[in-house]
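**Student:** Below you will find the structure I want to go over with you.
The values are calculated or read from the model by the stated rules, or taken from the named source; none is laboratory data. Nothing here was measured: the structure is a model prediction, and the numbers come from that model. Here Cβ is always computed from backbone atoms with ideal geometry, including for glycine, and neighbour counts include all displayed protein chains. In case anyone asks, the SASA skips ligands and DNA or RNA and just uses the protein heavy atoms, side chains included. Shrake-Rupley method; radii C 1.70, N 1.55, O 1.52, S 1.80 Å.
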Amino acid sequence: MEKLILVNLKMYQTDMAQIENYLNKLKGKRLIFFPMIIHLERFISHNFTCGTQNISTHESGAYTGEISAKAAQNIGASCTLIGHSEVRQNFNETDEIINQKIKISLKNKLIPILCIGENLNQYQANQTKMVIKNQIEKALKDITEPVIISYEPLWAIGTGKTPTNEEIKDIIDYIKSLFNYKIKVLYGGSVSQDNIETLNKIENVDGFLIGKAGLDVSCLTKIIEVVQK
Ligand code: PGA
């Protein structure tokens, strides 16, 4: 099965002409983009599979600044990130809110990509498995439909640091063991053109969630060449 390459563009791209150029250069590549919400339709019009970086716990109504799963699905989004560590931190998003977001995305036929991961203190205290088990149990309470999980240690996001392949494999095995169906588990956190050959050797990883390196067409092209060869 081909591994997935997800690109989380965060709030990086602010110039429409540069975005057009970026999209034209990547035409036809098998990528799943999470652009800024105001660029979503543009990415979809270039025939890319796309998702939102976050969604509201509500479907519609008086919720200024929020993103409706229903509206996103209506314009062609197929998935959504949920529980990204930047959202957890910046919006005080709790596991209970994440649970509601997963439910509303499933209801609206958006595949939820649940982001989980430990912080540096938890990693150093050898608490990773305990932390992610707790995150998964709370996020998926009363949910039986399949989701995708992205394992993203907080200390690896945007830092240039990554766990070793052995550590990532062990955590992915552990995550998969918590489910009674075949779940896809991705890795995210400082994936780049420099470490992709190494990370791609992890045998149980189903794909990668890429942030910063996804902004640069040549970095992304190298990543695609390695992962989808
Ligand atoms: P990064 O971001 O690749 O820039 O570390 C990954 C993410 O936040 O999903």
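**Student:** When you scan the range 187-210, how many residues do you find that are open to solvent by 20 Å² or more (accessible area, probe 1.4 Å), within 10 Å of the ligand (Cβ to nearest atom) and on the phi < 0 side of the Ramachandran plot?
**Tutor:** Adding up the residues that qualify gives 1.
**Student:** Name, by its number, the condition in (1) modelled with pLDDT of 95 or more; (2) within 23 Å of THR52 (Cβ to Cβ); (3) open to solvent by 50 Å² or more (accessible area, probe 1.4 Å) that does not hold for PRO146.
**Tutor:** Here PRO146 meets the rest and fails (1).
**Student:** Answer yes or no as to whether ILE19 is open to solvent by 10 Å² or more (accessible area, probe 1.4 Å), over 21 Å from LEU106 (Cα atoms) and hydrophobic (A, V, I, L, M, F, W, C).
**Tutor:** Against the criterion (open to solvent by 10 Å² or more (accessible area, probe 1.4 Å), over 21 Å from LEU106 (Cα atoms) and hydrophobic (A, V, I, L, M, F, W, C)), ILE19 does not qualify.
**Student:** Could you look through the range 87-115, keep only residues that are under 21 Å from ILE38 (Cα atoms) and open to solvent by 60 Å² or more (accessible area, probe 1.4 Å), and pick out the one that is nearest to the ligand (Cβ to nearest atom)?
**Tutor:** Going through the qualifying residues, I end up with ASN90.
**Student:** Moving to a separate point now. Return the only residue of LYS133, LYS141 being assigned to a helix (DSSP H, G or I) and more than 16 Å from the ligand (Cβ to nearest atom).
**Tutor:** Exactly one of LYS133, LYS141 is assigned to a helix (DSSP H, G or I) and more than 16 Å from the ligand (Cβ to nearest atom), namely LYS133.
**Student:** Among the residues of the range 154-186, write down those that are open to solvent by less than 10 Å² (accessible area, probe 1.4 Å), part of a strand (DSSP E or B) and more than 10 Å from the ligand (Cβ to nearest atom).
**Tutor:** VAL185
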